[in-house]
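Asks: Here it is: the structure, laid out below.
Values quoted throughout were computed directly from the atomic coordinates according to the rules given, and no laboratory measurement underlies them. Owing to the predicted nature of the structure, the values given are computational and were not obtained by experimental measurement.
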């Protein structure tokens, strides 16, 4: 029973992205023209903040195309940060900016998290 409960509680990267998009798609692109930079700034300003940790995991998952998230984590973000995360997903899907910039941003986010710990 416990394994079944855990299985329904976890989401793949793809499923997590789908859940993040629900209800905020229209807000995302217009409000966040540079979501990668915005995400890294949020993370570096306050790496202890739960949304910052989740954004770092999301960046890592996008770069590796692997990872799992708990279904409840969809609600870790407030509406604005969720819209920014969706804009981040959209930008990644479009390949904007270039992949090397995504890698540098991900490395910076991970470094900020490690420095906090």
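Asks: Helix 79-94 versus the longest principal axis of the chain: what is the Cα-based angle in degrees, 0 to 90, to the nearest 10?
Replies: Around 70 degrees separate the two axes.
Asks: Next up: Using the alpha-carbon atoms, what tilt in degrees (0 to 90, nearest 10) does helix 99-116 show relative to the longest principal axis of the chain?
Replies: The angle comes out near 70 degrees.
Asks: How high is the relative contact order of the range 2-116, in percent, with contacts defined as C-alpha pairs under 8 Å that are six or more residues apart?
Replies: Relative contact order of the range 2-116: 43 percent.
Asks: Provide the three semi-axes, in whole Å and in decreasing order, of the ellipsoid equivalent to the chain as defined by the square roots of 5 times the Cα gyration tensor eigenvalues.
Replies: Semi-axes (√(5λ), whole Å): 22, 17, 14.
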